[in-house]
Amino acid sequence: VSTRKTLTPVFDNEGMRPAVGNEFLLSRHLPDDMQGQFIYACVINMHGMPRFEVGDEPGTAGFAGKRIEDLLSSTDNFFRPVDPQFGPDGALWFGDWCNALIGHMQYSQRDPNRDHVHGRIYRLVYPQKELLKPELQFEKSIPELLNQLAAYELRTRYRARRELRRRDEAEVLQAVKAWLPADASPELLCEAMWIQEGFRKVDPALIEKLLSCDDFHARAAAVHTVCNESLRYPDVMAVYRRAIADEHPRVRLESLRGLSWVQTPEAAEVALTVIEKPLDYWIEYTLEHTLHALKPVVDPVEQQGQFLVNGSERARNYYRDYKFASGPGGKAVQPLKEAEDVDLPVAKRNAAIKTLAGVRGGVAKQGVVVFDRVCSGCHQVQDRGKAFGPKLDGIGSRYDRENLIRHILLPNEKIAKGFETVQLVTVDGEIFTGFILNETPTELTLGVATQDGKGKQEVIKKEDIELRKDLKASSMPEGLIKTIAPSEFLDLLEYLSEQTAFQISADGWITTAFADVGEIRTHGPWQEISRDAELQLGENFPDNWRKDAHLLLSAVDPTTREFVFHSPNSNSKDPAVVIRLASPATIGHISIQNRRNPQFYARAEGLTVWVSENGTDWKKVWAAKAPAEQYEADLPEGTKGRFLKIGLDGTGIFHLNQVVVYGKRDS
């Protein structure tokens, strides 16, 4: 189970890496239109500092940004800028590693090209503006340092806080209280809070002021600090309960983060109240990780039936979905939701089904249990279940995973012949909907699918029927999947996928499956004579690569790969498939379809056909001139036999997708 997920980046850095120090452009010395932008130093993909616009993402708890024109870049491959910071004069200062070799020791530390001595320091200025009067912290009094907290420059405030942390704690904390005006701005209140946080002495009264600010940034900052100081702060839960209901998602996000550190079931219940307000990517990401962090304390309470007893139905449903998504089958949760959502565009539902088909993790043995519970009342696999609806023997050969999913989730999309739904209304007003199991001159027996998967029969006298209407719908109800967990869906899918029509005799003859699927094909005067034939592969053909061999002579495409059989992945001597017709015949034409990947067509070099009447004495009757996607082989007039061998005349790797033999059976 994945417990850590990567956050979607705030902006696309277009592969510019690595970041060796970063800075926000907050200096009155720089142009006004650059204020608040973000840079970082890059030393590999580019030699310079890419620049970005970053800000609050409207309507969400997160941020948004985009790359803009680089602050600076160089064609000097030795230029390795690091650690950009604004100095007291408002100029941007940064170092230059200035080295030919960098990296994770791909080169020897003693490599002569590695410079251990030289480096550079740069100061970047804007000539159209004066530099600032330097704001220094050296030998400044506490009141003077506090006044620097009102500076526009972020780095000035940072250095002032660092210097205040070195001073006497009691003096600084007392001075902070005296320094704050009654009408202090949210920014000054935050600066005071961060000074207190530095001494691990956050004042609840100051937190209350911040939580009452109109500026959501201040409220979010207060909750963030309370989380940082949660071991020392009185009644953190009161702050989190208040913040989780805040009007702004950023504040709610900070509450979720804080709750993740409170190891109680109550914290998880409070966290789940966040869903009563609009969710976004950032909130859901944090909520998921908060619930995971609290799992050890929630699971025992949940097992006793005591979790979310007083929670809303939305909270209970969300937690159920979270459990599904974070447990086995978690990757199937979202695509299952989207595939079943009738309000979504068809393209999105189709994409969800495609995604779902690629999710693995199902266990066929466990799928048997799921089948017995929700499918066996209406369907039968071999001797398991009831032949009430369509039989599912060999369904894994008829449909690939994607089409299996469509039949399960969207039963009305393709309806099996004979299972079309009719609706009957009796003279008493009763309504019956199902498919006709049996009809006599006097009564109808109707098969009615039920939500529990059991199915039932209803016998209705024809004289009692007032209205009979054919419906363009399947008798299988939609929504059956809602009765099982996503992991169980994957188990069921795996079980059904394994229900192939592959049958092989003790002496290695494979029966062609689905002889009745598709019309018998013709070629000129010849008719298809291989639909009921058997085939035999070499002993060394891997089992995993012959799962669809029973489809070679059928009209059904393979479901697992781009071929129905494949010889070993090494050059074998004369690899071939032998076909045994149901009876001797005159053979006029053979259609052979190569593996469906064009890059492997060339492996069919030397493709040859032999014919035999007894399966022992072979006569060569056709050979391909060159590898191709499809071969149409006209055999010599009068070619007779019961056995055909198709293979490579020599060594190679052999794989095919389909073969059709045309001719006339001997009478």
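Tabulated data
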item	result
Percent RCO, i.e. relative contact order, over the stretch 419-554, from Cα pairs under 8 Å lying at least 6 residues apart	18 percent
Semi-axis lengths, Å, the stretch 19-124, gyration tensor of Cα atoms, sqrt of 5 times eigenvalues	30, 17, 11
Centroid-to-centroid separation of the stretch 479-509 and the stretch 307-332 [C-alpha atoms, Å]	27 Å
The chain: angle of helix 216-228 to the longest principal axis, Cα-based, in degrees nearest 10	90 degrees
Using alpha-carbon coordinates, inclination of helix 281-293 to the longest axis of the chain, degrees	90 degrees
Formal net charge of residues neighbouring residue 47 (Cβ-Cβ distance under 11 Å; K, R +1; D, E -1)	-2
Percentage relative contact order, the stretch 510-665, counting C-alpha pairs under 8 Å, at least six apart	32 percent
Reduced Cα scattering model of the chain, Debye log10 I(q)/I(0), q = 0.05, 0.07, 0.08 Å⁻¹	-0.46, -0.78, -0.90
Positive-end extreme of charge dipole, the stretch 19-124 - chosen from 112, 34, 84 (charges on Cβ)	112
√(5λ) per eigenvalue of the Cα gyration tensor, the stretch 259-369, largest first, Å	28, 19, 12
Exceeding the 19 Å Cα-Cα cut-off - candidates 5/277; 391/414; 640/664; 391/472; 547/664; 573/620	5/277; 391/472; 547/664
Rule-of-thumb Rg ratio for the stretch 510-665 [Cα; 2.2 N^0.38 Å; N residues]	0.95
Electrostatic dipole magnitude of the stretch 366-438 [Cβ: Lys, Arg +1; Asp, Glu -1; Cα centre; debye, to 20]	260 debye
Computed over the stretch 162-332, Kirkwood Rh from alpha-carbon pairs, angstrom	17.3 Å
Nearest-ten-degree value, helix 364-374 long axis tilted from longest Cα axis of the chain	80 degrees
The stretch 598-663: relative contact order as a whole-number percent, Cα under 8 Å and 6+ apart	39 percent
Kirkwood Rh (inverse of mean 1/r, distinct Cα pairs), the stretch 343-456, angstrom	16.2 Å
Low-density loop cleavage sites - trypsin sites (Lys or Arg not before Pro) in the stretch 599-633, where at most 14 other Cβ are within 10 Å (DSSP)	625
Bins of 5 Å from zero: percent of alpha-carbon pairs in the stretch 194-280	3, 16, 30, 24, 18, 7, 2, 0
Dipole magnitude of the chain, debye to nearest 20 (Cβ charges: Lys/Arg +1, Asp/Glu -1, about Cα centre)	1300 debye
Loop-located GluC sites (Glu not before Pro) in the stretch 1-92, at most 10 other Cβ atoms within 10 Å (DSSP)	14
Normalised convex hull volume, the stretch 77-202, alpha-carbon set, Å³ per residue	178 Å³
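Where a number appears in this text, it was derived from the coordinates with a stated rule and is not lab data. Since this is a predicted model, take the numbers as computed values, not measurements. Because the Cβ atoms are built from the backbone with ideal geometry, glycine has one as well, and the counts that use them run over all protein chains shown.
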